[in-house]
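Visitor: The structure that follows is given in the form of structure tokens.
Only the coordinates and a few stated rules stand behind these numbers; no lab work does. Computed from a predicted model, the values in this text were never measured in an experiment. As a convention, Cβ positions derive from the backbone with ideal geometry for all residues, glycine included, and neighbour counts pool all protein chains shown.
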Amino acid sequence: MSQYKIAVVVGSLRKDSFNRKLASAIAKLAPADFSFSQVEIGDLPLYNQDDDANQAPPVKRLKSEISDAQGVVFVTAEYNRSVPGVLKNAIDQASRPYGQSAWAGKPAGVLGVSIGSIGTSLAQQHLRNTLAYLDMPTMGQPEAFIHAKEGLFDEDGNIGADSKAFLQGWVDRYVDWVKTHSG
């Protein structure tokens, strides 16, 4: 494949979200044959099964973006020891109607950053359980429970020197994961 498109789902809507900054920064670590593009989830209606037969335009757009991608990276915040509601809503929307999931078979990567010292470990574990049900081959190692501290990002929004080798390794491993698992 000459170009791999990776859909990036950020589980935070906050303008200055650490996770949005992380998603933008890791995209810069990807090789030239990979493009990482953040998908919009803030405009999705709340999931209601009554809408399955007539999905809203933002839902159709999300499903199309996921379907067109060769892989998906989830960059999630942690709210109350789990994934943010907006992320779960996006997952539910793109998995419906039953039997028409846009997620199935897409190689997934999971990471996140938080001011807490354990990063987003519990949210990531909950997310991994959901992704297993959705039939997404999800990269298990390296795990990336990132603590937001000074120096994580440089003044230009890139990954800082202390974390660059680790996150470059994560991206390199994810690239290999996608090449192995994409059809």
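Visitor: Which residue, chosen from A32, Y47, I66, occupies the Cα position most advanced towards the positive end of the dipole of the stretch 1-78, where the dipole is computed from +1 (Lys, Arg) and -1 (Asp, Glu) charges on Cβ about the Cα centre?
Guide: The residue sitting farthest along the positive end of the dipole is A32.
Visitor: Which of the lysines could a cross-linker bridge to K5, judged by Cα under 20 Å and excluding same-chain residues fewer than eight apart?
Guide: Leaving aside lysines fewer than 8 places away in the same chain, those within reach of K5 are K21, K28, K60, K63, K106, K179.
Visitor: Sorted by average packing, counted as other Cβ atoms within 10 angstrom per residue and highest first, what order do 28-38, 58-68 take?
Guide: Output ranking for 28-38, 58-68: 58-68, 28-38.
Visitor: Once each part is reduced to its C-alpha centroid, what is the distance from the stretch 1-78 to the stretch 114-183 in angstrom?
Guide: 15
Visitor: Which of F145, F74 has the fewest other C-beta atoms within 10 Å, and how do the rest follow up to the most?
Guide: Result, fewest neighbours first: F145, F74.
Visitor: Also, quick follow-up: Amide H of G116: which non-local residues (sequence gap of 5 or more, or other chain) have their own amide H closer than 5 Å, using H built in the peptide plane?
Guide: A148
Visitor: Under 8 Å for C-alpha pairs, at least 6 residues apart: give me the relative contact order for the stretch 4-181, rounded to a whole percent.
Guide: It rounds to 24 percent for the stretch 4-181.
Visitor: Which residue, Q93, Q168, Q124, has the most motion in a Gaussian network model of the chain that connects Cα atoms within less than 10 Å?
Guide: Looking only at Q93, Q168, Q124, the largest GNM fluctuation is found for Q168.
Visitor: Right, here's the next one. Need one number: % antiparallel among DSSP beta bridges in the chain, to the nearest 5.
Guide: Looking only at bridges with both residues in the chain, the antiparallel portion is about 10 percent.
Visitor: If I take R0 = 25 Å and measure r between the Cβ atoms of Q125 and N158 in this structure, what FRET efficiency does the formula 1/(1 + (r/R0)^6) give, to the nearest 0.05?
Guide: After rounding to 0.05, the efficiency reads 0.30.
Visitor: Only four residue types carry charge here, +1 at the Cβ of Lys and Arg and -1 at the Cβ of Asp and Glu. Report the dipole size of the chain about the Cα centre in Debye, rounded to the nearest 20.
Guide: Here the size comes out at about 140 debye.
Visitor: Can I ask one more? Label-point separation (nm) for A104 and A53, each offset 7 Å from Cα along Cα-to-Cβ?
Guide: 2.2
Visitor: Also: Mind checking the log10 I(q)/I(0) for the stretch 4-181 at q = 0.11, 0.17 Å⁻¹? Debye, one equal scatterer per Cα, no solvent, two decimals.
Guide: Taking Cα atoms of the stretch 4-181 as identical point scatterers yields -0.43, -1.04.
Visitor: I need the semi-axes of the equivalent ellipsoid of the stretch 1-101: take the C-alpha gyration tensor, multiply each eigenvalue by 5, square-root it, list largest first in whole angstrom.
Guide: Over the Cα atoms of the stretch 1-101, the semi-axes work out to 23, 19, 10 Å.
Visitor: Any chance you could give the angle, 0 to 90 degrees and rounded to 10, that helix 85-94 forms with the longest Cα principal axis of the chain?
Guide: The angle comes out near 50 degrees.
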